[in-house]
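What follows is a short report on a single structure.
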Amino acid sequence: MNATVYNCNVFTLQKIHNRAGNITALNNFIDLSFKIERAYYLYDVPGGEVRGGHAHKELQQLIIAASGGFDVTLDDGINRKTVSLNRPYYGLYIVPGIWRDLSNFSSGSICLVLASHKYDENDYVRDYSEFKKLRERYRR
Ligand code: TYD
């Protein structure tokens, strides 16, 4: 809960280029700094919809625009930054303790998320004022 948005970076993932199409492979501990416990993806997001709107206490994630594109706004309680993902070979690594909003989904886009833990509602912070309080507590 004390990392900042500057600890969240976009990585260019390895691309195996072929004239018949490309492949990107992600291996635990080689291409990723965490072990994938869960993968999930968002799709059929209606135009204008905003997803996310929460932080995680422990979860690490790599977010990939597997198709199309969208914006991810990161917030550590003090700093904010917005990242546009629009290529399947970019991966946004998000550390624990960062509030995120996903917006501006292009039509037909797919947001692939690789996550370090299984789904656990107790790992979510869904209330922004609670998030701010938690962040302040860890700053002291
Ligand atoms: P949530 O993580 O809040 O979605 P987003 O951040 O994309 O807006 O999850 C939405 C719902 O889906 C919530 O009721 C929990 C459920 N869910 C699971 O059951 N398993 C999962 O792995 C995820 C990510 C969500």
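Contact annotation: residue pairs with Cβ atoms under 6 Å, 6 or more positions apart or on different chains, pairing a residue in segment 19-42 that is away from the ligand (no atom under 16 Å from the Cβ) with a partner that is in a strand (DSSP E or B), are I23/I16.
Report the residue count in segment 123-140 for those that are within 12 Å of the ligand (Cβ to nearest atom) and either surrounded by fewer than 12 Cβ atoms within 10 Å (Cβ to Cβ) or more than 16 Å from N2 (Cβ to Cβ) (or both).
Total meeting the criteria: 3.
For segment 76-112, a tally of residues being part of a loop (DSSP other than H, G, I, E, B) and aliphatic (A, V, I, L, M) returns 3. May I ask you to list the residues in segment 66-90 that are β-branched (V, I, T) and in contact (Cβ under 8 Å) with a residue 24 or more places away in the chain? The answer is V72, T73, I78, V83.
With respect to F11, determine if the residue is surrounded by fewer than 16 Cβ atoms within 10 Å (Cβ to Cβ) and without any contact (Cβ under 8 Å) to a residue 40 or more places away in the chain. Considered against the rule, which asks whether it is surrounded by fewer than 16 Cβ atoms within 10 Å (Cβ to Cβ) and without any contact (Cβ under 8 Å) to a residue 40 or more places away in the chain, F11 comes out as no.
Residue count for segment 19-31 satisfying the condition of being in contact with a strand residue (DSSP E or B) (Cβ under 6 Å, 6 or more places away or on another chain) and either closer than 11 Å to A115 by Cα or surrounded by 14 or more Cβ atoms within 10 Å (Cβ to Cβ) (or both): 0. Suppose the filter is of a type in the set (K, R), away from the ligand (no atom under 13 Å from the Cβ) and surrounded by fewer than 16 Cβ atoms within 10 Å (Cβ to Cβ); does K81 pass it? Yes. Among the residues making up segment 48-63, those that are of a type outside the set (V, I, T), in a strand (DSSP E or B), within 13 Å of the ligand (Cβ to nearest atom) and free of Cβ contacts under 8 Å to residues at least 60 places away in the same chain are G52, Q61.
Where a number appears in this text, it was derived from the coordinates with a stated rule and is not lab data. Model, not experiment: these values are computed from the prediction. Glycine also receives a Cβ, built like all others from the backbone with ideal geometry; neighbour counts cover every protein chain displayed.
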